[in-house]
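Single-structure report; data block below.
The values are calculated or read from the model by the stated rules, or taken from the named source; none is laboratory data. What you are looking at is a predicted structure, and each value in this text was computed from that prediction instead of being measured. Please note: Cβ atoms are built from the backbone with ideal geometry, for glycine as well, and neighbour counts cover all protein chains shown.
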Amino acid sequence: MSKVFFSYSHADEELADMLQKHLAAMKNNGLITTWHDRCIRAGDEFGHEIDKNLNDADVILLLISSDFIASRYCYEIEMARAIERHEAGEARVIPVILRPCDWHDTPFGRLLAAPKDGKPVRKWPDLDEAFLDVVNAIKAGIKKPALKAAAQPVSAPATNAEALVDRPRSANLRVKKSFTEADKDQFLDDAFDLMKRYFENSLSELADRYPELSSRFRLVDANRFTAVIYRNGDDIARCKIVLGGMFGKTITYSANDQASDNSCNESLSIDADDQHIYLSAMGMPFGGNIADKKLTTEGAAEYYWSILMQPLQ
């Protein structure tokens, strides 16, 4: 059984908790145990417990964000010791990129990061898919026989007090969250604002890469924008995206930049579970299994962009 150590900033605790849930099957199958600083009991010496468990770990997860890099304790103490153990072959360090940040020039920047291609978890359309990719990377890591067995002195049997430090506990520590209508409205506004920037920047990059392509982005008003892609001057793809309108709390997609506001080819609606607010697609006629996904703001923008790109691909 491998011991997995979580090194993370408390600003990213929500994402760390989600990763814990995704590791439940590995824990239930006896493949791993996990440890993080929330396992420390009242009265325990904080630094001693972290050092002890960091030095005992077989796999060390660095949960990377700007807050992690800015944290003196995470970066200068936990990360530095983790890299030392990795280079000595005593443990395997896996950077998990949670949010976009400048991490490539760090000491762990040379290591293969998860999720795939180092794409930040928050940039994936579906957070569950991102964490599943991380879990698969951890599975692959613990199967590789690259760790050296560090020489361990023979120790006396643990006393009752020592045994309590590693006492078992439930992984079922998630507390239900509730979201107000104001929270949902803000999420929808933020999603639409990101989508506008996403389309404008993507259209510009597309035209820069392919000389035969040109584009037009038009902001109609605060709640509407249109996009057109031309190949050698002939239009090949058009769309109109609308926030709200007669469809209520939605972001709609029309495959025609001149479409009326009360018609659409696809619609994203706001929803929430006991942990997150997300967007759900109707899945018509482009979606496939997209209707089952809980889309992030980035995921929603990428979904609509993929629809616009279909005639070119």
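Does S214 satisfy being of a type in the set (S, T, Y), in the same structural domain as L308 (by TED's automatic domain parsing), more than 30 Å from K21 (Cβ to Cβ) and part of a strand (DSSP E or B)?
For S214, the condition - of a type in the set (S, T, Y), in the same structural domain as L308 (by TED's automatic domain parsing), more than 30 Å from K21 (Cβ to Cβ) and part of a strand (DSSP E or B) - is met.
I'm trying to understand the selection: among the residues of the stretch 237-261, which are aliphatic (A, V, I, L, M) and either under 20 Å from E181 (Cα atoms) or within 28 Å of the chain's Cα centre (by Cα) (or both)?
Keep residues of the stretch 237-261 that are aliphatic (A, V, I, L, M), which gives 237, 241-243, 246, 251, 255, 259.
Listed by number, the residues that qualify are I241, V242, L243, M246, I251.
Find the residue count for the stretch 15-24, including only residues that are among the aliphatic types (A, V, I, L, M), part of a helix (DSSP H, G or I) and closer than 13 Å to V134 by Cβ.
Summing the residues that are among the aliphatic types (A, V, I, L, M), part of a helix (DSSP H, G or I) and closer than 13 Å to V134 by Cβ in the stretch 15-24 gives 4.
Regarding I229, is this residue out of contact with any His (no Cβ under 8 Å at 6 or more places or on another chain), surrounded by 19 or more Cβ atoms within 10 Å (Cβ to Cβ), closer than 13 Å to P311 by Cβ and modelled with pLDDT of 95 or more?
Here the answer is yes, as I229 does meet what is asked.
So, in the stretch 85-119, exactly how many residues are free of Cβ contacts under 8 Å to residues at least 24 places away in the same chain and closer than 24 Å to S280 by Cβ?
Count: 2.
Taking the options L279, L308, name whichever one is closer than 26 Å to P100 by Cα, at pLDDT 95 or above and crowded, with 18+ Cβ neighbours inside 10 Å.
L308
Would you check if D128 is among the charged types (D, E, K, R), at positive phi and in a helix (DSSP H, G or I)?
No; evaluated as a whole, the condition is false for this residue.
If D271 satisfies all but one of (1) charged (D, E, K, R); (2) without any contact (Cβ under 8 Å) to a residue 24 or more places away in the chain; (3) touching a helix residue (DSSP H, G or I) at 6+ places or on another chain (Cβ under 9 Å); (4) surrounded by 18 or more Cβ atoms within 10 Å (Cβ to Cβ), what's the number of the condition it fails?
Result: D271 passes all but (4).
Okay, residues lined up against (1) surrounded by 15 or more Cβ atoms within 10 Å (Cβ to Cβ); (2) of a type in the set (F, W, Y); (3) within 19 Å of the chain's Cα centre (by Cα):
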site: S2; (1), (2), (3): yes, no, no
site: A11; (1), (2), (3): yes, no, yes
site: K21; (1), (2), (3): yes, no, yes
site: A25; (1), (2), (3): no, no, no
site: T33; (1), (2), (3): yes, no, no
site: D37; (1), (2), (3): yes, no, no
site: E84; (1), (2), (3): no, no, no
